[in-house]
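Asks: Mind looking over this structure? Questions follow.
The values are calculated or read from the model by the stated rules, or taken from the named source; none is laboratory data. Computed from a predicted model, the values in this text were never measured in an experiment. FYI the Cβ positions are ideal-geometry reconstructions off the backbone, even for glycines, and counts take in every protein chain you see.
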Amino acid sequence: MNHDDEEILAVARAGFLDEASDMLRQFEQSLLVMEENPRDEENLNAAFRAAHTIKGTAGLFGFDAVVHFTHEAETLLEHLRSGTLVVDEHLTQLLLRSRDQMEALLDEVRTGASDPAVAQTSETLGAELRAATSAPAATAAAPALATAAATTAPAMAGAWHISLRFGGDALRNGLDPLAFIRYLASLGQVNAIHTLAEAVPLLDALDPEHCHLGFEIRFESAATQAEIEQVFEFCADDCDIAVLAPDAALERRQALLQRRTNTDASAAQSLAGLWAGMGWSLEADAAEPDPDLLPETEAAAPAAAAPAPAAPAPKAAAAPAQRRNADDTRFIRVRADKLDQLIDLIGELVIASSGAQLVAQTEASPAFLEAAQRIEGLVEEARDGALGLRMVPVGDTFSRFQRVVRDLGKQLGKDVDLVITGGDTELDKSMVEVIADPLMHLVRNSMDHGLETSEGRLAAGKPVTGHLALNAYHEAGAIVIEVGDDGRGLPRDKILAKALERGLIQPHADLSDDEVYQLIFLPGFSTAEQVTNVSGRGVGMDVVKRNIESLRGQIRVFSEPGRGTTMQIRLPLTLAMIDGFLTQVGGVCYVLPLDIVSECIDLPQECLDKPGTVAGYFDLRGEVLPWLDVGRFYRHTAAPADARRSLIIVRDGPRRVGLIVDRLMGEHQTVLKPLSGIFRHLRAVAGSTILGSGEVALVLDVPALVASAITRTNATRLAGEHRPTPSVSTLTLSGEPA
């Protein structure tokens with residue numbers, strides 16, 4: 001195998017693993033829904049299709065361990081579909097364990113390493129699956145499933161005849177004829193096979209990428225015709241296949257002979273002799289077949305399934321392939337690094353466009369300025385389109401927790417109903433991958449600490465079933481993700497007592513609810529009375545906050561004793577590019593996300609009356625809001641006394657804060673660049689960007705600035721300075737200047 005072939009196989013293998021991961025998620029989702037509604041045939045069929053797809057594709061690549069084990073799970077699903085078994089908790093649990101084992105086998109394929117323990121689990125679990133399928137047939141099978149059993153019951157064992165002709169482009173399309181025949185052996189025994197190579201041209205005319213082969217196969221199996229045809233489902237568009245049952249009528253055999261040889265008598269005699277040598281008799285002087293029989297030869301039904309009504313089966317069998325091809329034209333799988341490279345290139349294009357705009361303004365050329373503005377508009381559209389490619393629904397992440405809630409509920413002895421809303425809300429894929437782990441910690445904590453046991457809920461006058469909610473929505477240029485429960489709520493007094501015990505707060509500190517609840521995110525902090533294998537060690541919540549803050553996000557806690565707790569995560573929509581609002585302070589440019597800018601006003605008198613003060617409060621049309629002087633916060637040289645400064649009102653969720661800047665410079669397309677490691681200690685700075693002039697501007701972390709402003713003003717209040725009482729909550733983030 002040359003290097004190019006190895007690369008092609010590596011890419012194909014990676015595609016298989018990606019598809020298998022999607023199929024595993026579909027398999028799990030279908031099983032969880034099926035557990036709640038055992039009579040839902042659609043989810044049962046979806047689980048079967050997912051398992052069959054994994055097995056079929058694994059067979060093409062020769063991953064025998066995946067094929068053999070998945071076949072056991074598929075067999076159990078087939079018994080459920082046929083009505084010989086009824087869905088119950090034991091079988092659902094068995095299939096969910098099978099899903100985990102399939103994932104373990106696929107991980108071995110991904111890493112190339114084999115673990116004897118995984119192989120042993122396949123043997124043990126496979127034996128359990130076989131034992132479940134041999135259990136006595138259920139007497140209470142649903143009528144619909146019983147009807148399905150009549151149409152999918154296995155045929156009596158016998159020698160099937162498979163006539164297979166691959167199309168010329170089969171090899172070019174990545175198909176391996178031998179792989180299909182190998183996979184066929186997983187359903188039975190190939191007794192005889194003859195390769196037809198008469199169409200292979202002379203060497204000087206041979207195209208190595210053109211397939212000239214055909215096969216005649218004698219196959220002994222108790223599988224149904226549909227199962228045999230599904231083996232070749234992936235190559236349905238690149239081959240001509242005919243499957244005849246062991247008891248196929250003589251007319252059907254003759255029709256197939258005419259179909260393969262047309263009017264060539266010599267070819268017909270040769271093929272008939274070949275069939276006879278394979279043990280498939282055919283009378284040479286038979287009458288001409290009825291043309292109406294020709295379509296039936298493609299999907300002749302076994303005798304037990306009434307051959308005549310099964311004539312339209314070929315069209316039905318071809319439908320999945322047609323649907324698959326339609327889907328393939330609508331979706332295309334792209335490597336993440338290629339997409340990231342495209343985003344980076346468009347980011348550089350945004351910077352270059354800003355530079356062209358600046359030159360156009362400097363040259364004062366109307367034509368140049370008009371061309372630069374048009375380029376800027378097109379670049380903005382390209383930027384939005386490229387960023388949209390990286391946006392994925394957060395519901396895909398939410399759906400993973402259905403299995404977690406189910407298994408953890410059974411482990412803790414709690415009946416929990418998971419409610420998911422806002423699953424179609426989109427978030428940058430790079431952020432979805434990071435947020436999955438924090439969400440897992442929050443869900444597990446809600447299950448263990450938040451929700452009461454059934455006895456505890458009854459004693460509190462609540463329904464036995466607890467409710468855990470995952471919700472997502474867009475708000476003010478950010479995405480908000482909430483994890484809420486209707487449990488006991490956070491124990492405020494216990495949190496305070498634990499913080500005092502560890503010396504985290506002063507004995508007489510007057511803390512708001514927000515400040516108290518933020519203590520649970522400190523490393524090692526826990527109020528659990530006993531440690532379990534779920535939680536209680538004080539490990540995890542600090543990681544949750546750190547991961548969220550690494551995404552320029554923040555987490556808030558809302559809790560009410562006896563009513564429940566909600567953890568609210570607020571994240572930016574993307575980490576790559578944003579619409580910014582450019583300002584200047586002390587000769588340094590700062591960028592604010594445009595979505596959170598509410599309005600800009602002249603500096604109020606309350607700010608002018610306090611020279612040298614970093615933060616304070618002002619009255620905005622009857623509403624008291626905190627303000628922060630960005631220049632003094634970062635210790636810039638004070639602006640001249642006669643300079644006209646401005647106050648930018650920004651929103652941070654329900655709060656609003658005024659930021660004092662020296663100069664307003666308008667909207668600016670901002671490409672976010674990470675700060676070097678030596679600058680990461682700077683507070684309230686999310687990153688940097690490059691302006692069209694080549695200068696570097698700092699992108700402000702507005703939530704941290706808002707927290708700093710509120711903390712500063714509350715520090716002033718505690719120092720005894722008289723001020724109006726604000727209606728905003730406090731946070732514990734430090735407001736010390738960088």
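Asks: Do we find a residue being surrounded by 16 or more Cβ atoms within 10 Å (Cβ to Cβ), over 30 Å from I690 (Cα atoms), of a type in the set (G, A, S) and under 13 Å from the mean Cα position of the chain (by Cα) anywhere in the stretch 405-428?
Replies: No, the stretch 405-428 has no match at all.
Asks: Quick check on my filter: what residues within the stretch 217-260 are closer than 19 Å to I193 by Cα and of a type in the set (V, I, T)?
Replies: I217, I228, V231, I241, V243
Asks: With the structure loaded, tell me whether G174 is part of a loop (DSSP other than H, G, I, E, B), modelled with pLDDT of 80 or more and not acidic (D, E) or whether it fails that test. I'd like the intermediate steps shown before the answer.
Replies: On the way: part of a loop (DSSP other than H, G, I, E, B): yes; modelled with pLDDT of 80 or more: no; not acidic (D, E): yes.
Criteria not met by G174.
Asks: For the condition at pLDDT 85 or above, in contact with an Asp or Glu (Cβ under 9 Å, 6 or more places away or on another chain) and closer than 29 Å to F63 by Cβ, what is the one hit in S186, S163? Even if it seems obvious, please write down each step before you answer.
Replies: Values: S186 fails: at pLDDT 85 or above.
Answer to the check: S163.
Asks: Quick one: count up the residues across the stretch 190-201 that are surrounded by 12 or more Cβ atoms within 10 Å (Cβ to Cβ) and part of a loop (DSSP other than H, G, I, E, B).
Replies: The total comes to 2.
Asks: Continuing with this model, one more query. Any chance you could count how many residues in the stretch 92-101 are farther than 11 Å from F27 by Cα and of a type in the set (A, V, I, L, M)?
Replies: Filtering the stretch 92-101 down to residues farther than 11 Å from F27 by Cα leaves 92-94, 97, 101.
Those left that are additionally of a type in the set (A, V, I, L, M): 94.
So the count comes out to 1.
Asks: Please verify whether I343 is under 37 Å from the mean Cα position of the chain (by Cα) and at pLDDT 85 or above, treating the condition exactly as stated. Please lay out each step first, then the result.
Replies: Values: under 37 Å from the mean Cα position of the chain (by Cα): yes; at pLDDT 85 or above: no.
For I343, the condition - under 37 Å from the mean Cα position of the chain (by Cα) and at pLDDT 85 or above - is not met.
Asks: Could you grab the pairs with beta carbons closer than 6 Å, sequence gap of 6+ or different chains, first residue in the stretch 539-563 and modelled with pLDDT under 90, second one surrounded by fewer than 16 Cβ atoms within 10 Å (Cβ to Cβ)?
Replies: Pairs found: D542/P523.
Asks: Then there is this: Answer yes or no as to whether D493 is at pLDDT 85 or above, farther than 30 Å from V432 by Cα and either of a type in the set (D, E, K, R) or in contact with a strand residue (DSSP E or B) (Cβ under 8 Å, 6 or more places away or on another chain) (or both).
Replies: Details: at pLDDT 85 or above: yes; farther than 30 Å from V432 by Cα: yes; either of a type in the set (D, E, K, R) or in contact with a strand residue (DSSP E or B) (Cβ under 8 Å, 6 or more places away or on another chain) (or both): yes.
For D493, the condition - at pLDDT 85 or above, farther than 30 Å from V432 by Cα and either of a type in the set (D, E, K, R) or in contact with a strand residue (DSSP E or B) (Cβ under 8 Å, 6 or more places away or on another chain) (or both) - is met.
Asks: While we're looking at this one, here's another question. Examine the stretch 508-527 for a residue that is polar (S, T, N, Q), closer than 30 Å to T670 by Cα and either touching a helix residue (DSSP H, G or I) at 6+ places or on another chain (Cβ under 9 Å) or at pLDDT 80 or above (or both), and state whether such a residue exists.
Replies: Keep residues of the stretch 508-527 that are polar (S, T, N, Q), which gives 512, 518, 526-527.
Still in the list and also closer than 30 Å to T670 by Cα: none.
No: the stretch 508-527 contains no residue that is polar (S, T, N, Q), closer than 30 Å to T670 by Cα and either touching a helix residue (DSSP H, G or I) at 6+ places or on another chain (Cβ under 9 Å) or at pLDDT 80 or above (or both).
Asks: Given the residues L196, L129, which is the only one that is touching a Ser or Thr at 6+ places or on another chain (Cβ under 9 Å) and either at pLDDT 85 or above or not assigned by TED's automatic domain parsing to the domain that holds A58 (or both)?
Replies: Details: L196 fails: touching a Ser or Thr at 6+ places or on another chain (Cβ under 9 Å).
On inspection, the qualifying residue turns out to be L129.
Asks: Pick from E72, E28: which is in a helix (DSSP H, G or I), more than 26 Å from the chain's Cα centre (by Cα) and buried (at least 20 other Cβ atoms within 10 Å of the Cβ)?
Replies: Working: E28 fails: more than 26 Å from the chain's Cα centre (by Cα).
Unique residue meeting the criteria: E72.
Asks: Output the number of residues of the stretch 358-399 satisfying the condition of being touching a Gly at 6+ places or on another chain (Cβ under 8 Å), crowded, with 18+ Cβ neighbours inside 10 Å and farther than 30 Å from M431 by Cβ.
Replies: Residues meeting the conditions: 0.
Asks: Among the listed residues V534, V480, identify the single one that is modelled with pLDDT of 80 or more and surrounded by fewer than 20 Cβ atoms within 10 Å (Cβ to Cβ). Talk me through it step by step, then tell me what you get.
Replies: Values: V534 fails: modelled with pLDDT of 80 or more.
Of V534, V480, the one residue that is modelled with pLDDT of 80 or more and surrounded by fewer than 20 Cβ atoms within 10 Å (Cβ to Cβ) is V480.
Asks: What residue, of G653, G658, is out of contact with any His (no Cβ under 7 Å at 6 or more places or on another chain), at pLDDT 85 or above and of a type in the set (G, A, S)?
Replies: Details: G653 fails: at pLDDT 85 or above.
Within the list G653, G658, the selection yields G658.
Asks: Quick one: how many residues across the stretch 482-509 are touching a residue at least 60 places away in the same chain (Cβ under 8 Å) and basic (K, R)?
Replies: 2
Asks: Q568 - would you say it is assigned by TED's automatic domain parsing to the domain that holds I481 and outside any loop (DSSP other than H, G, I, E, B)? Outline the logic, then answer.
Replies: Values: assigned by TED's automatic domain parsing to the domain that holds I481: yes; outside any loop (DSSP other than H, G, I, E, B): yes.
Yes, satisfied.
Asks: Here is a follow-up. Starting from the stretch 392-412, keep only residues that are over 17 Å from H467 (Cβ atoms), then list their pairs with residues that are of a type in the set (A, V, I, L, M, F, W, C) and in a loop (DSSP other than H, G, I, E, B) whose Cβ atoms are within a distance under 8 Å, requiring at least 6 positions of separation or different chains.
Replies: Q411/V534
Asks: Given the criterion outside the structural domain of G553 (by TED's automatic domain parsing), in contact with a helix residue (DSSP H, G or I) (Cβ under 8 Å, 6 or more places away or on another chain), at negative phi and aliphatic (A, V, I, L, M), identify the matching residue among I420, I435, I375. Working first, answer last.
Replies: Numbers: I420 fails: outside the structural domain of G553 (by TED's automatic domain parsing); I435 fails: outside the structural domain of G553 (by TED's automatic domain parsing).
None of the others qualify; the one that does is I375.
Asks: May I ask you to verify whether A179 is surrounded by fewer than 13 Cβ atoms within 10 Å (Cβ to Cβ), in a helix (DSSP H, G or I) and at pLDDT below 80? So that I can check it myself, show each step before the final result.
Replies: On the way: surrounded by fewer than 13 Cβ atoms within 10 Å (Cβ to Cβ): no; in a helix (DSSP H, G or I): yes; at pLDDT below 80: yes.
For A179, the condition - surrounded by fewer than 13 Cβ atoms within 10 Å (Cβ to Cβ), in a helix (DSSP H, G or I) and at pLDDT below 80 - is not met.
Let's see how each residue does on (1) closer than 22 Å to M278 by Cβ; (2) under 41 Å from the mean Cα position of the chain (by Cα); (3) surrounded by fewer than 16 Cβ atoms within 10 Å (Cβ to Cβ):
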residue	(1), (2), (3)
G188	yes, yes, no
L203	no, no, yes
D207	no, no, yes
C211	no, yes, no
R218	yes, no, no
A222	yes, yes, yes
Q225	yes, yes, no
F234	no, yes, no
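Asks: Looking only at the stretch 662-721, count every residue that is of a type in the set (V, I, T), touching a Ser or Thr at 6+ places or on another chain (Cβ under 8 Å) and modelled with pLDDT of 80 or more and tell me the total.
Replies: Going through the stretch 662-721 one residue at a time, the tally reaches 4.
Asks: Tell me, please, whether a residue that is surrounded by fewer than 13 Cβ atoms within 10 Å (Cβ to Cβ), without any contact (Cβ under 8 Å) to a residue 24 or more places away in the chain and of a type outside the set (K, R) can be found in the stretch 246-261. Spell out the reasoning first.
Replies: Within the stretch 246-261, the first condition is being surrounded by fewer than 13 Cβ atoms within 10 Å (Cβ to Cβ), and the residues that meet it are none.
No, that holds for no residue.
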